[in-house]
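The values are calculated or read from the model by the stated rules, or taken from the named source; none is laboratory data. Source: prediction; values computed, not measured. Here the Cβ positions follow ideal geometry from the backbone for every residue, glycine too, while neighbour counts run over all protein chains shown. Each accessible area value is taken on the protein alone, full model and side chains, heavy atoms only, with ligands, DNA and RNA left out. Shrake-Rupley method; radii C 1.70, N 1.55, O 1.52, S 1.80 Å.
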Protein chains: 2
Amino acid sequence: MVYRSTERVRARLDASRRRIVAAALEVMAEHGYAGCTVAAVANRAALATGTVYRHFPTKADLFAEVFRTASQREVDAVTRAAALETTVADRVTAVVETFCGRALQSPRLAYALLAEPVDPAVDAERLVFRRAYARVLAGHVAEGIARGELPPQDPELAATALVGALAEAMVGPLSAGVAGPGTVPGLTTFLHRALGVAP
Amino acid sequence: MVYRSTERVRARLDASRRRIVAAALEVMAEHGYAGCTVAAVANRAALATGTVYRHFPTKADLFAEVFRTASQREVDAVTRAAALETTVADRVTAVVETFCGRALQSPRLAYALLAEPVDPAVDAERLVFRRAYARVLAGHVAEGIARGELPPQDPELAATALVGALAEAMVGPLSAGVAGPGTVPGLTTFLHRALGVAP
DNA sequence: GCAAGGAGTGAACGGTGCTTCAATCCTTGG
DNA sequence: CCAAGGATTGAAGCACCGTTCACTCCTTGC
């Protein structure tokens with residue numbers, strides 16, 4: 001046994017793996033999930049098709065990771081934006097603005113993450129994504145109730161409904177053109193009222 | 001030219017076509033869109049695979065019609081339920097209860113119509129479906145504003161957000177088990193507040 | 001430099017399921 | 001009953017892609 005994987009090789013492997021995920025994300029942001037053949041991803045990563053399979057057992061596994069990565073980034077952005085505010089009202093505003101702003105910035109990616117038809121195994125990851133958003137929001141809602149800024153209510157349910165409303169309001173604009181200028185403020189008001197933020 | 005299609009034949013053709021759509025709907029309600037191969041649908045309709053293609057140019061066309069039919073039925077049910085009520089609050093309650101009740105009654109079908117990964121061409125039909133719901137709701141919202149039962153707001157946007165909240169709140173329960181008992185009333189309250197129904 | 005064995009390659013494979021088509025059956029009007 | 005022509009059949013065709021694998025290249029430690 002003369003060959004044993006060394007640090008340098010492991011670093012290169014790691015880099016390849018990351019490059020594959022990044023490439024997949026790029027292809028998805030450009031052509032949607034529909035354009036994401038394994039060959040296209042490999043090509044973008046400057047690797048052979050077969051090499052992808054040295055890092056991921058199946059295409060679904062690769063894209064599960066892609067979705068997980070991209071989703072985490074989105075959730076983080078929203079979490080960070082909310083953390084800068086103090087009242088629940090301001091936090092919800094921050095969430096809506098961040099979510100919509102980012103979605104409209106890269107519409108193709110947002111559509112893929114939110115609504116595009118994908119492999120069922122990848123679709124499962126989407127549910128996790130949405131639940132992650134809901135969890136963040138549920139935390140703020142619960143705290144709002146505790147502080148007396150919001151009336152008593154089921155934070156989980158409220159958060160889920162918020163996420164649904166947000167996503168739905170974005171899907172239309174994403175698939176066809178751009179959102180009207182009133183969309184984001186209108187949505188903010190709507191969601192504030194839904195939660196029972198005192199006017 | 002001795003043969004010319006007669007009334008009887010045209011009736012039989014029509015019946016076949018309808019039987020194909022009905023069969024597709026049945027298969028979808030049982031096994032989801034994933035289980036809907038053309039062969040399975042034809043089999044259920046007691047026809048040969050090839051016959052399907054004498055009625056629909058492609059599978060996507062067939063399922064576009066299936067979605068259209070099923071969606072119309074759902075929208076009609078909701079419309080009818082709302083029409084029995086007078087105040088906006090009661091109408092929204094009726095919509096939520098009807099929507100959720102029907103969805104939970106045939107969860108596999110509801111999941112297919114709302115969220116299951118489908119062919120992109122069929123997915124387009126889904127957007128129409130959701131917009132149809134939104135249109136119904138937007139009408140009620142607009143009337144509510146006119147009557148002074150609701151504060152001024154963009155009825156389209158509000159309706160879209162309502163539909164999103166409803167759909168999202170149902171997807172969880174549909175994919176895994178049943179809805180908790182508090183879901184429907186909780187959702188109703190949430191949506192009333194969102195619209196600004198006077199408490 | 002060399003043997004051992006992992007990493008990388010990409011053309012070929014294979015499964016799935018939509019779609020077609022030549023053969024057959026059925027309907028119609030004479 | 002017959003000829004014309006549409007309707008039906010279902011097995012074969014076909015395309016598309018994910019996946020594999022025999023081969024080559026590279027890295028390692030002696």
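When A:T49, A:T6 are screened for being more than 8 Å from DNA strand C (Cβ to nearest atom) and outside the structural domain of A:A124 (by TED's automatic domain parsing), only A:T6 passes.
The set of residues in the stretch B:1-38 being among the acidic types (D, E) and either within 12 Å of DNA strand D (Cβ to nearest atom) or at pLDDT 95 or above (or both) consists of B:D14, B:E26, B:E30. Assess whether B:L137 counts as being at pLDDT 95 or above and within 10 Å of the chain's Cα centre (by Cα). Spelling it out, it is not the case that B:L137 is at pLDDT 95 or above and within 10 Å of the chain's Cα centre (by Cα). Looking at this structure, is A:P117 more than 16 Å from DNA strand D (Cβ to nearest atom), under 29 Å from B:V184 (Cα atoms), within 13 Å of chain B (Cβ to nearest Cβ) and open to solvent by 20 Å² or more (accessible area, probe 1.4 Å)? For A:P117, the condition - more than 16 Å from DNA strand D (Cβ to nearest atom), under 29 Å from B:V184 (Cα atoms), within 13 Å of chain B (Cβ to nearest Cβ) and open to solvent by 20 Å² or more (accessible area, probe 1.4 Å) - is not met. If only residues of the stretch B:51-63 that are open to solvent by 30 Å² or more (accessible area, probe 1.4 Å) and not β-branched (V, I, T) are counted, the one that is nearest to B:T93 (Cα to Cα) is B:D61.
When only residues in the stretch B:177-199 that are outside any helix (DSSP H, G or I) and at the interface with chain A (Cβ under 9 Å from one of its Cβ atoms) count, which is surrounded by the most Cβ atoms within 10 Å (Cβ to Cβ)? Restricting to residues being outside any helix (DSSP H, G or I) and at the interface with chain A (Cβ under 9 Å from one of its Cβ atoms), the top hit is B:G196.
Residues in the stretch B:39-65 that are within 12 Å of DNA strand D (Cβ to nearest atom) and among the charged types (D, E, K, R): 2 in all. Scanning the stretch B:9-22 turns up no residue that is in a helix (DSSP H, G or I), within 14 Å of chain A (Cβ to nearest Cβ), surrounded by 14 or more Cβ atoms within 10 Å (Cβ to Cβ) and more than 8 Å from DNA strand C (Cβ to nearest atom). Annotation note: of A:V95, A:V66, the sole residue that is assigned to a helix (DSSP H, G or I), open to solvent by less than 20 Å² (accessible area, probe 1.4 Å) and under 30 Å from A:P151 (Cα atoms) is A:V95. Cβ-Cβ distances below 8 Å connect the following pairs, each with a first residue in the stretch B:95-110 that is assigned by TED's automatic domain parsing to the domain that holds B:L166, a second residue that is in a helix (DSSP H, G or I) and open to solvent by 50 Å² or more (accessible area, probe 1.4 Å), and a separation of six or more residues or different chains: B:R108/B:E30; B:R108/B:H31; B:A110/B:R102; B:A110/B:L104.
Scanning the stretch A:131-151 for residues that are in contact with a helix residue (DSSP H, G or I) (Cβ under 9 Å, 6 or more places away or on another chain) and surrounded by fewer than 21 Cβ atoms within 10 Å (Cβ to Cβ) yields A:R131, A:A132, A:R135, A:V136, A:A138, A:G139, A:A142, A:E143, A:I145, A:R147, A:E149, A:P151. Collect the residues in the stretch B:152-169 that are more than 8 Å from every other protein chain (Cβ to nearest Cβ) and either open to solvent by 40 Å² or more (accessible area, probe 1.4 Å) or touching a Leu at 6+ places or on another chain (Cβ under 7 Å) (or both), keeping them in residue-number order. Answer for the stretch B:152-169, where residues must be more than 8 Å from every other protein chain (Cβ to nearest Cβ) and either open to solvent by 40 Å² or more (accessible area, probe 1.4 Å) or touching a Leu at 6+ places or on another chain (Cβ under 7 Å) (or both): B:P152, B:E156, B:A159. Among the residues of the stretch B:30-50, those that are surrounded by 14 or more Cβ atoms within 10 Å (Cβ to Cβ), away from every other protein chain (no Cβ under 14 Å) and in a helix (DSSP H, G or I) comprise B:E30, B:V38, B:A40, B:V41, B:A42, B:N43, B:R44.
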